[in-house]
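Enquirer: Mind looking over this structure? Questions follow.
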Amino acid sequence: MVRTTFRLWSCPIPRSVYPNTVSKPKGLGVVRLNGKDIYLGKFGTPESHAEYRRVISEWLASHQLTAGTQAAAAPTRATVTVNELAPAYLRFAKGYYVKNGKPTGEIHNIKDAIKPLVLTHGHVAVAEFGPSR
């Protein structure tokens, strides 16, 4: 697939959203959301751009928290321990490492890496954890 430079806004888009691209065999615009391809119509047409904006807007609306909710729920870095961060990272990884709508095998690697980390450093604050520890 060929990436385009078509941009709609300046806000960051999660990695699970790929930009409007062309499906070479079909000549259709396509966007990948959470590992699933969504066809938008003939590539480069105003209709495909409008469909892209509609699909992305719906996806963003269903996957975002309001700023107030996100800020109120976020603990400070000094108070979060490795025990608290590990499951949060695993939840993130399950959404990030997705192909064709299903988690990839990388999730098993991450789980295997997190187990000894939690056992040996689970009580340590994230702010204090680092290579010299």
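Enquirer: How many residues does region 30-46 hold that are hydrophobic (A, V, I, L, M, F, W, C) and touching a Leu at 6+ places or on another chain (Cβ under 8 Å)? Don't jump to the end; show me each part of the working.
Expert: The first filter runs over region 30-46 and keeps only residues hydrophobic (A, V, I, L, M, F, W, C), leaving 30-31, 33, 38, 40, 43.
Then drop every residue that is not touching a Leu at 6+ places or on another chain (Cβ under 8 Å), which leaves 30-31, 40, 43.
Residues flagged as hydrophobic (A, V, I, L, M, F, W, C) and touching a Leu at 6+ places or on another chain (Cβ under 8 Å) within region 30-46 amount to 4.
Enquirer: Of all residues in region 99-124, which are touching a residue at least 40 places away in the same chain (Cβ under 8 Å) and surrounded by 15 or more Cβ atoms within 10 Å (Cβ to Cβ)? Give the steps one after another, and end with the answer.
Expert: Let us first name the residues in region 99-124 that are touching a residue at least 40 places away in the same chain (Cβ under 8 Å), namely 99-102, 122-124.
Val124 - this is the single residue of region 99-124 that is touching a residue at least 40 places away in the same chain (Cβ under 8 Å) and surrounded by 15 or more Cβ atoms within 10 Å (Cβ to Cβ).
Taken together, the values in this text are just the output of simple stated rules run on the coordinates, not laboratory data. All values reported here derive from a predicted model rather than from experimental measurement. Positions of Cβ are generated from backbone atoms using ideal geometry, with glycine treated the same way; all protein chains shown enter the neighbour counts.
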